[in-house]
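Q: The structure that follows is given in the form of structure tokens.
The values are calculated or read from the model by the stated rules, or taken from the named source; none is laboratory data. These numbers come from a predicted model, not from an experiment. Cβ placement follows ideal geometry from the backbone for every residue including glycine, while neighbour counts extend to all protein chains displayed. These area figures cover heavy atoms from the full protein model, side chains too; ligands, DNA and RNA do not enter into them. Shrake-Rupley method; radii C 1.70, N 1.55, O 1.52, S 1.80 Å.
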Amino acid sequence: MRIKTGIGQDSHRMGDDHSKPFILGGIEFPGLPGLKGNSDADAVMHAITNAISGITGVNIIGKESDRICLEEGIDDSAVYLQEALKYLGDFKLTHLSISIECKRPMITPFMDAMRKRLSELLPLDPQDIGITATTGEGLTDFGRGEGVQAFAIVTAVAE
């Protein structure tokens, strides 16, 4: 059995456009303007996509996501995640761990919904997806409410 682990990170600044939804982990958080970015700026999805790229060696966030977003007009970060999954080959995801740093929104009330949504997109059961959140005691711009940062670690195995 071969085991690989990938780590991914992404961050986006808080926006001021209330017509754009605030989305993390594929879930819309009400009452906040969308994060700044060409896409839906879902930092959690981008971090997961980057973590999968750490396993496959095929970078999706960057040129490929820009092509999908800017040329094809698709701003749903779930599409980037689905693109990354195409390159797993014989590897199968077995676990996902996500850590989110932000002052707002409050993440805890949405964790179950995020696990459910991510399990619909990934070949994982909700109990194989861990999510933690912190304000980091306000020591960073994220903890002071200026944006959202997410880290993701994925584990994959091949027989």
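Q: Among residues belonging to the range 129-138 that are at pLDDT 95 or above and out of contact with any Gly (no Cβ under 8 Å at 6 or more places or on another chain), point out the one that is least open to solvent (accessible area, probe 1.4 Å).
A: Ile129
Q: Oh, and also: Could you check the range 45-70 and list, in sequence order, the residues that are among the aliphatic types (A, V, I, L, M), over 18 Å from Ile23 (Cβ atoms) and touching a helix residue (DSSP H, G or I) at 6+ places or on another chain (Cβ under 6 Å)?
A: Ile52
Q: Would you pick out the residues in the range 47-99 that are touching a residue at least 60 places away in the same chain (Cβ under 8 Å) and out of contact with any Gly (no Cβ under 8 Å at 6 or more places or on another chain)?
A: Leu88, Gly89, Asp90, Phe91, Lys92, Leu93, Thr94 - these are the residues of the range 47-99 that are touching a residue at least 60 places away in the same chain (Cβ under 8 Å) and out of contact with any Gly (no Cβ under 8 Å at 6 or more places or on another chain).
Q: Right, another one. For the range 115-126, give me each residue that is out of contact with any Ser or Thr (no Cβ under 9 Å at 6 or more places or on another chain) and either exposed (fewer than 14 other Cβ atoms within 10 Å of the Cβ) or in a strand (DSSP E or B) (or both).
A: Of everything in the range 115-126, those that are out of contact with any Ser or Thr (no Cβ under 9 Å at 6 or more places or on another chain) and either exposed (fewer than 14 other Cβ atoms within 10 Å of the Cβ) or in a strand (DSSP E or B) (or both) turn out to be Glu120, Pro123.
Q: So how many residues does the range 1-40 have that are within 17 Å of Asp141 (Cα to Cα) and in contact with a Leu (Cβ under 6 Å, 6 or more places away or on another chain)?
A: 2
Q: Just checking: which of the helices (runs of 4 or more DSSP H) contained wholly in the range 1-114 hold 2 or more residues that are open to solvent by less than 20 Å² (accessible area, probe 1.4 Å) and at pLDDT 95 or above?
A: Fully inside the range 1-114 and qualifying: 43-56, 77-85.
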